[in-house]
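See below for the structure under consideration.
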Amino acid sequence: MIPSVLPTYNRAPIAFTKGEGVWLTAKDGTQYLDLGAGVAVNSLGHAHPALVKALTDQARDLWHVSNLYDIPNQRALADALVEHTFADTVFFTNSGTETCELAVKMARKHFHDKGETGRNGIITFAGAFHGRSAAAIAAAASPKMTEGFGPLLPGFINLPWGDHDALRAAADDSVAAVLVEPIQGEGGVVPLPDQCLRGLRDLCDERGILLILDEVQCGVGRSGRLFAHEWAGIVPDIMMVAKGLGGGFPMGALLATEAAASEMTVGTHGSTYGGNPLACAVGLAVMNIVSDPAFLEEVNRKAGLLRQRLEGLVAGYPDMFEQVRGMGLMLGIVCRVTNTDVIGACYDARLLTIPAAGNTVRIVPPLTITEDEILQATERLEQAAGVVSRNVAA
Ligand SMILES: *Cc1c(COP(=O)(O)O)cnc(C)c1O
């Protein structure tokens with residue numbers, strides 16, 4: 001019999017009842033150190049006092065009004081995002097996937113309204129993940145996500161990662177946008193080198209193509225900058241943000257320049273819940289903390305320590321691990337053994353990590369993790385690695 005919850009997830013048999021900072025308490029009282037943060041969502045850890053206060057204060061006043069009315073804290077959050085980024089304007093959604101939908105619509109409409117009606121192609125890359133909607137699976141084009149769900153939304157051109165010749169050949173006047181993650185998350189924590197991102201920006205400028213960055217996972221401080229593309233010194237035309245922005249409250253935001261967005265006029269897009277008062281109260285509290293340069297400096301310092309510890313672990317178990325990759329507090333350990341065996345041993349060591357493609361163990365802790373917690377986490381990883389290594393030997 002089919003379970004009451006549609007069984008589309010591979011779930012570990014652990015149920016959590018309480019969270020505080022990087023710590024999660026299971027039903028049986030066991031405490032786990034959380035290096036997964038709800039897949040890079042709990043950017044400020046569990047039950048951060050500023051977020052609890054923002055949410056409960058707002059809950060007492062007003063939960064929801066529709067976008068038929070002015071929503072002052074939605075405007076305040078948009079202002080904050082505009083102030084701290086390349087963007088001139090922001091649309092709020094409830095998830096990352098919805099930002100992908102709007103990014104595709106915006107890019108196409110941009111050229112349509114300029115009379116370039118044939119310019120509607122979107123170039124994407126192998127290993128990408130942009131969500132699970134019809135547009136987002138067509139964009140990522142991996143058979144694992146698309147098999148059986150055809151006909152797929154047309155107009156996506158999925159290219160191999162790192163094939164510059166294929167890219168230059170495909171980027172013709174039928175292409176509206178290039179869509180890419182500065183650091184692939186689900187794809188295995190694979191950063192796009194800075195020079196490649198700059199090269200992409202140049203190519204888009206040269207050919208009159210919009211650059212859409214998917215920072216749903218790598219944005220909001222995770223890379224050590226507020227947004228990951230800042231490391232390359234370039235700006236996109238359109239950017240997708242979600243996960244860390246709500247710190248656990250479901251929300252996303254699509255950021256754009258005025259030039260890219262100017263065709264999105266009244267009636268061209270909408271969302272019932274997107275940018276409602278509860279979401280924006282929390283998003284504003286997250287932005288206030290994460291956009292502080294001193295906070296980001298701390299993230300970088302702690303990321304340095306975590307990276308160093310993980311490199312040490314990999315060096316200590318060369319038969320088990322291949323390399324550490326990623327940036328900031330978005331790191332992946334590429335395994336030679338099966339990644340889920342390592343993740344399982346981590347559960348036994350009371351440590352939560354997340355699988356990613358490419359046989360990777362993904363490590364995306366709350367940005368508020370302390371140095372002491374990093375040391376505890378890497379000790380538990382050592383313990384788990386020891387167990388797996390003995391099992392492999394046996
Ligand atoms: C998670 C993710 C999405 C989809 O976000 P949802 O909130 O699950 O809809 C899109 N792009 C990237 C890079 C992601 O990591």
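Data table
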{"item": "Qualifying position, being in the same structural domain as G247 (by TED's automatic domain parsing), open to solvent by 60 Å² or more (accessible area, probe 1.4 Å) and of a type outside the set (S, T, N, Q), among L153, L179", "result": "L153"}
{"item": "The stretch 165-194 residues that are at positive phi, paired with ones that are open to solvent by 10 Å² or more (accessible area, probe 1.4 Å) and not in a strand (DSSP E or B) (beta carbon under 9 Å, 6 or more apart)", "result": "G188/G127; G188/A357; G188/G358; G188/N359; V189/G358"}
{"item": "Candidate set from the stretch 222-272 (those that are among the aromatic types (F, W, Y) and touching a helix residue (DSSP H, G or I) at 6+ places or on another chain (Cβ under 7 Å)); member that is surrounded by the fewest Cβ atoms within 10 Å (Cβ to Cβ)", "result": "W231"}
{"item": "The lone exception for G224 - which of (1) at negative phi; (2) in contact with a strand residue (DSSP E or B) (Cβ under 7 Å, 6 or more places away or on another chain) it fails", "result": "(1)"}
{"item": "Members of the stretch 151-199 found to be within 16 Å of the ligand (Cβ to nearest atom) and assigned to a helix (DSSP H, G or I), listed by number", "result": "L197"}
{"item": "One residue from V104, V90 being within 14 Å of P236 (Cβ to Cβ) and in contact with a strand residue (DSSP E or B) (Cβ under 9 Å, 6 or more places away or on another chain)", "result": "V90"}
{"item": "Residues that are within 15 Å of E181 (Cα to Cα) and among the hydroxyl-bearing types (S, T, Y), drawn from the stretch 123-142", "result": "T124"}
{"item": "Restricting the stretch 90-120 to residues that are crowded, with 23+ Cβ neighbours inside 10 Å and of a type in the set (G, A, S), the residue that is nearest to the ligand (Cβ to nearest atom)", "result": "G96"}
{"item": "Index of the failed condition, T124 passing every other in (1) farther than 30 Å from P250 by Cβ; (2) surrounded by 22 or more Cβ atoms within 10 Å (Cβ to Cβ)", "result": "(1)"}
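The values are calculated or read from the model by the stated rules, or taken from the named source; none is laboratory data. Because the structure is a prediction, the values reported are computed rather than measured. Positions of Cβ are backbone-derived with ideal geometry, glycine not excepted, and every protein chain shown enters the neighbour counts. Keep in mind that these areas ignore ligands, DNA and RNA; they rest on the heavy atoms of the full protein, side chains included. Shrake-Rupley method; radii C 1.70, N 1.55, O 1.52, S 1.80 Å.
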